[in-house]
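Colleague: Have a look at this one before I ask anything.
The values are calculated or read from the model by the stated rules, or taken from the named source; none is laboratory data. Small disclaimer: the values here were computed from a predicted structure and weren't measured. Quick reminder, even Gly has a Cβ in these numbers, built from the backbone with ideal geometry, and neighbours come from all protein chains shown. Calculation scope for accessible area: heavy atoms of the full protein, side chains included, ligands and nucleic acids excluded. Shrake-Rupley method; radii C 1.70, N 1.55, O 1.52, S 1.80 Å.
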Amino acid sequence: MIPAVRHVHAVRARGGLNAERRQAREQIRLEAAGRFARGEKNARIAKELRVTERSVERWRRRWHEAGEQGLASRGSPGRPKLSDTQFALLEQELAKGPAVHGWADQRWTLSRVQTVIGRRFHLTCSVAAVWRLLHRHGWSWQAPSRRALERNEEAFSMTPPRANTWGPCGQTPVVRVRGRSWRRWSIAALCCYKSGKRSRPIYQPRPYRRRKNERKSFDWTDYRDLVRRAHLQLGGPVMLIWDNLNTHLTAGMREYIAEHDWRTVFQLPPYAPDLNHVEGIWSLLRRGPLANVAFADNEHLVRTLRRGLRQIQYRPHLINACLTETGLTTSNKHPTTRRNPQ
């Protein structure tokens, strides 16, 4: 959430030049005009004025067309859509946080600020104009810090991953999160690919409720049931590529693999997350619907998880991008499964 107090400091001339900077650049162009008249080369002018040769070439064309008048400053390219008074009101709206304006997480993006400007001032501006406006008033894209709302025994899994948000320069945005808790949710997922078919994920969530003799994570039977469900839904043989998690290498799982012809398993090299396409799914969740969200309770966390996974499921291009990131490709040929001798 963005703090309500604005930090007063010197603002760099980014996203728009002030009158002093425009005058300084005009003096450089006029100095280049004098060098043009003396017949100096573009490379020498660019080196001594510390500009690019392409800029010198553009200035020379304008000098030939209109003389020094063509190199004079044209003034500000345009007045900003919001005055200083209006931007102060905008900062008050942003300080209330995205949740007040209808967004679930605590992250300000350019499109969201654009929406707030339209609602509050009934103005239409582009995302690029919003970027220039924020930079002109000393805002930047920052990684926020966390601050606990309360410390109780029911909110450990309520701590969300952090994602960048817009905030005033010199002030680190603060994300309000729940305190620690023993509650947690584990998710096992498969990304299913087939040439000519739509890619899809198959996942299974599992809560940990701290019951007696309850496992905190998945057992090998849970992974067995997940692969069996994938086989039933896909209606064909399954080529499984997964990492060397100890649950994947148990004796029960090895026996189950050996008993079925429709399943072929390839183990990834030790610690190779860059080859595991499911890591892309977790990255999309962490940087998307779970980022900077102050979960109210366990049900809020579950709803957010399911909504995020459903959004990924409806966008097969995201699932394909996870496979492309690993460098692996799909093939129409299925390898021959070797049966153990009876």
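Colleague: List pairs: first residue in the stretch 318-331 and in contact (Cβ under 8 Å) with a residue 60 or more places away in the chain, second residue surrounded by fewer than 17 Cβ atoms within 10 Å (Cβ to Cβ) and of a type outside the set (A, V, I, L, M) anywhere in the structure, Cβ distance under 6 angstrom, at least six positions apart or on different chains.
Modeller: Pairs found: THR330/SER195.
Colleague: Find the residue count for the stretch 34-45, including only residues that are open to solvent by 60 Å² or more (accessible area, probe 1.4 Å) and of a type outside the set (Lys, Arg).
Modeller: Residues that pass the stated criteria total 1.
Colleague: Can you tell which of THR85, THR109, THR115 is without any contact (Cβ under 8 Å) to a residue 40 or more places away in the chain and more than 29 Å from GLU20 (Cα to Cα)?
Modeller: THR115
Colleague: Here is a check on your reading of the model: is ARG254 more than 30 Å from SER140 (Cβ to Cβ), surrounded by 14 or more Cβ atoms within 10 Å (Cβ to Cβ) and either over 29 Å from the mean Cα position of the chain (by Cα) or modelled with pLDDT under 85 (or both)?
Modeller: no
Colleague: Which count do you get for residues in the stretch 99-116 that are at pLDDT 85 or above and over 19 Å from SER126 (Cβ atoms)?
Modeller: Number satisfying all stated conditions: 1.
Colleague: How many of the residues in the stretch 224-258 are within 19 Å of TYR271 (Cβ to Cβ), out of contact with any Asp or Glu (no Cβ under 8 Å at 6 or more places or on another chain) and part of a helix (DSSP H, G or I)?
Modeller: 3
Colleague: I would also like to ask the following. With respect to GLY327, determine if the residue is on the phi > 0 side of the Ramachandran plot and either at pLDDT 80 or above or among the hydroxyl-bearing types (Ser, Thr, Tyr) (or both).
Modeller: Answer is yes for this residue.
Colleague: Within the group GLU31, GLU48, GLU68, GLU57, which residue is in a helix (DSSP H, G or I), open to solvent by 60 Å² or more (accessible area, probe 1.4 Å), modelled with pLDDT under 90 and over 30 Å from ALA163 (Cα atoms)?
Modeller: Within the list GLU31, GLU48, GLU68, GLU57, the selection yields GLU68.
Colleague: Can you name the residue in the stretch 266-292 that is within 14 Å of the chain's Cα centre (by Cα) and assigned to a loop (DSSP other than H, G, I, E, B) and is also surrounded by the fewest Cβ atoms within 10 Å (Cβ to Cβ) among such residues?
Modeller: Out of the qualifying residues, it is GLY288.
Colleague: Out of VAL302, VAL238, which single residue is out of contact with any His (no Cβ under 8 Å at 6 or more places or on another chain), touching a residue at least 24 places away in the same chain (Cβ under 8 Å) and open to solvent by less than 50 Å² (accessible area, probe 1.4 Å)?
Modeller: VAL302 is the lone residue from the list that is out of contact with any His (no Cβ under 8 Å at 6 or more places or on another chain), touching a residue at least 24 places away in the same chain (Cβ under 8 Å) and open to solvent by less than 50 Å² (accessible area, probe 1.4 Å).
Colleague: So which of ARG263, ARG198, ARG229 ends up being within 24 Å of PRO316 (Cβ to Cβ) and open to solvent by less than 50 Å² (accessible area, probe 1.4 Å)?
Modeller: ARG263
Colleague: If you don't mind, another one. Going through SER140, SER145, SER181, SER157 one at a time, which residue ends up being polar (S, T, N, Q) and at pLDDT 85 or above?
Modeller: Result of the check over SER140, SER145, SER181, SER157: SER140.
Colleague: Does GLU26 qualify as being more than 42 Å from the chain's Cα centre (by Cα) and among the acidic types (Asp, Glu)?
Modeller: No; evaluated as a whole, the condition is false for this residue.
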